[in-house]
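The values are calculated or read from the model by the stated rules, or taken from the named source; none is laboratory data. Computed from a predicted model, the values in this text were never measured in an experiment. Cβ coordinates were reconstructed from backbone atoms using ideal geometry, including for glycine residues, and neighbour counts include every protein chain displayed. Side chains are part of the model used for accessible areas, which takes the heavy atoms of the whole protein and leaves out ligands, DNA and RNA. Shrake-Rupley method; radii C 1.70, N 1.55, O 1.52, S 1.80 Å.
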Amino acid sequence: MSISTNLNNIKSQLPEHVTLVAVSKTKPVSDLMEAYTAGQRIFGENKIQEMVEKYELMPKDIEWHMIGHVQRNKVKYMASFVALIHGVDNFKLLKEINKQALKHNRVINCLLQIKIASEDSKFGMTAQNAKEIFNSEEFTELKNIKVIGLMGMATFTDNENQLKKEFNLLTQIFNSLKGISTKNCELETISMGMSGDYKLAVDCGSTMVRVGSSIFGMRNYSN
Ligand SMILES: *Cc1c(COP(=O)(O)O)cnc(C)c1O
């Protein structure tokens, strides 16, 4: 099936309030352009260098989302153009994003990554960590970032009950934090769900799904 057919199939299944991030990591620009021509304008990458290269080659009305783990010393390479950083999992990173955004005189939207998976390998903070950040004075002074929601990665499993539990947990945490409103924090986005589980994630409250292989096909990491 073609990329545009896959894309249209998925879009037709998503409720209107759910944003589709087309996860294009490892895929060539020609594949991304096929999605672009079919109308897709939001792309997700997990490596900063790769995202920068694609940004430079592609039309400028694309929203680039950084969905991977972010090293602080690399924020500067994407600060001029990144639209949303999904994986913010510590306060030092938030401060660095603020600093780099200031240099470009812009505000960078961020999601705090919450650990919902049972695996040790997944990054993320606890609900309590997030609450402490929101309540700290240092946070309210960050004028060049805006936290617009939360992101979570479920355990790599086929067990629907476990996935449901983890997705519901993120929605519950979101609801418990939603009331917090400062100039640089207004929670409206829940980023969860990938190719295998986005429908379940939407049923559990996701407002932003990150779908890669169901659009672009399997990834080949050997080249
Ligand atoms: C790769 C990736 C996805 C997309 O995975 P698919 O299973 O190909 O849809 C979503 N989120 C993150 C953080 C990823 O790294």
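Listed values, structure above:
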{"item": "Flag for LYS92 being open to solvent by 10 Å² or more (accessible area, probe 1.4 Å) and more than 16 Å from GLY124 (Cβ to Cβ)", "result": "no"}
{"item": "Any hit, the range 210-222, residues being touching a Lys or Arg at 6+ places or on another chain (Cβ under 9 Å), modelled with pLDDT under 95, open to solvent by 70 Å² or more (accessible area, probe 1.4 Å) and over 13 Å from GLY149 (Cβ atoms)", "result": "yes"}
{"item": "Residue in the range 164-185 that is on the phi < 0 side of the Ramachandran plot, within 15 Å of the ligand (Cβ to nearest atom) and open to solvent by 30 Å² or more (accessible area, probe 1.4 Å) present", "result": "no"}
{"item": "Residues located in the range 193-212, provided they are within 9 Å of the ligand (Cβ to nearest atom) and either touching a residue at least 40 places away in the same chain (Cβ under 8 Å) or touching a strand residue (DSSP E or B) at 6+ places or on another chain (Cβ under 7 Å) (or both)", "result": "GLY193, MET194, SER195, ASP197, TYR198, VAL209, ARG210, VAL211, GLY212"}
